[in-house]
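Data first, discussion second: the structure below is written as structure tokens.
The values are calculated or read from the model by the stated rules, or taken from the named source; none is laboratory data. Given the structure is predicted, the values throughout are model-derived calculations rather than measurements. Cβ coordinates were reconstructed from backbone atoms using ideal geometry, including for glycine residues, and neighbour counts include every protein chain displayed. Just the protein is used for accessible areas: all its heavy atoms, side chains included, with ligands, DNA and RNA removed. Shrake-Rupley method; radii C 1.70, N 1.55, O 1.52, S 1.80 Å.
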Amino acid sequence: MSSVFYYSVLQYRYAQSLGEVLNVGVLLLFPEQRQAVFLHPERLGRIRKLYPKFAEKVIRSYFKGIVARTKQLTKQPEIFADYEAHPRQLIDNEILIRDSSALQFGEVKTSVLYTEDLSAIGEQFYKLYLSFYEEDEYRPRHDETYLLKEYKQLLRQRLDGLLSREAFEQPITVKPEGTSFAYQFPFAWQNGSYNLVKPVSFDLKLEQSINEKATLNVGQFTVLNDYAERRNARFDVLVARPKDRKLYKPYEQAVQLLANQPRVNIIEEEKLDDYSQKTAEALR
């Protein structure tokens, strides 16, 4: 008998009365392999265009929670055994309760396990149900200039004119003692530590480019470590992921490499709003 796996599409219902449904995620359950995988789009522009007032932060928090729960389930194979013949109950009891909220998993369907490569199945299901989120109009590259501009705008909005434009136009130059090196940071602020802000975009086209950029920045932070220790400084690194999903893994490895450096704090693009709020609170 062929092995099987189960899948269910996460659907977003903006208004129950309208009866309109959008697919926003896919859950894959592999009972024999004792694995659960949740796929979702990073870009939600399609929903924003249809429903400008939709609760994006709420949806992203659901995404984060479901991803965390599926990873936890994969580490607890005994739970799969309890629901081996009842995938619907596994979803309802362990992942997302069925209620009247806007996000709900649809019908659970069964498919033959046509390959042992589970990641390949994931890619195919993403293309089948969610690839249209990547087909929005051309999105300019989210480079360092873009990241810094977004951060500036969010911060100015929160400070409501309390921060002058000149504050962002005077970069901070750091010269590590005993070296001829000099590094510039576009902005800095204090809240117990001296926080030096640096945008580092990985919105690139090649894995090698991502690796090289990560390595270059690790080298710079290594040189600056003594300076950071003396000044009680922290490096707040604003990062952007690549548009190509195939580069997500090297991107995550690059971010982890940076995060492992002493006194480096990673702020991914979707966290810029929260980070600007923390900055504003310290500057008021």
*Given 149/278; 109/246; 198/271, which pairs have Cα atoms separated by over 19 Å?*
109/246
*Among [x] 69, 42, 35; [y] 63, 41, 37; [z] 56, 41, 38, the entry that matches Cα extents along the principal axes in Å as calculated here*: [x]
*Roughly speaking, what is the stretch gain from residue 230 to residue 72, that is 0.36 nm per residue apart minus the C-alpha to C-alpha distance, in nm to one decimal?*
52.9 nm
*Round to a whole number: what % of the accessible area of region 179-257 belongs to carbon and sulfur, probe 1.4 Å?*
50 percent
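Kindly state, as a whole number, the per residue volume in cubic angstrom of the convex hull around the alpha carbon atoms of region 23-178.
Cα convex hull per residue, to the nearest whole number: 222 Å³.
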*Restricting region 43-120 to GluC sites (Glu not before Pro) in coil, as DSSP defines it, with at most 16 other Cβ within 10 Å*: 84, 107, 116
*Long-range amide H contacts for residue 204: which residues qualify at under 5 Å (H placed 1.01 Å from N, peptide plane, sequence gap of 5 or more or a different chain)?*
243
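What does the helix-only formula give at 222 nm for the chain: each DSSP H stretch with n ≥ 4 adding -39500 (n - 2.57), the total divided by the residues, and the result rounded to the nearest 500 deg cm²/dmol?
Only helices count here, giving -12500 deg cm²/dmol.
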*Quick one: pull the percent of accessible area on region 1-119 belonging to carbon and sulfur, 1.4 Å probe, ligands and nucleic acids left out.*
51 percent
*Accessible area (Å², per residue) of the chain, counting only protein heavy atoms and a probe of 1.4 Å*: 55 Å²
_Cα shape, region 156-240, gyration tensor, a/c 1.5 rule_ = oblate
*Using θ = phi - 60° and the Karplus curve 6.51 cos²θ - 1.76 cosθ + 1.60, what whole-Hz ³J(HN,Hα) does each residue of region 35-43 get, with Gly and Pro shown as x?*
10, 10, 10, 10, 10, 8, x, 7, 9
*Can you list the trypsin sites (Lys or Arg not before Pro) in region 13-74 that are in a DSSP coil and have 16 or fewer other beta carbons within 10 angstrom?*
13, 43, 53
*Could you work out the relative contact order of region 170-284, using alpha carbon pairs under 8 angstrom and six or more residues apart, expressed as a whole percent?*
26 percent
_Between residue 169 and residue 81, what is the label-point separation in nm under the 7 Å Cα-to-beta-carbon projection?_
6.8 nm
*In region 28-75, with Lys and Arg counted as +1 and Asp and Glu as -1 at Cβ, which of these residues, 47, 36, 68, has the Cα nearest the positive end of the dipole, that is, farthest along it?*
47
*In debye, nearest 20: dipole of the chain around its Cα centre with unit charges on the Cβ of K, R (+) and D, E (-)?*
680 debye
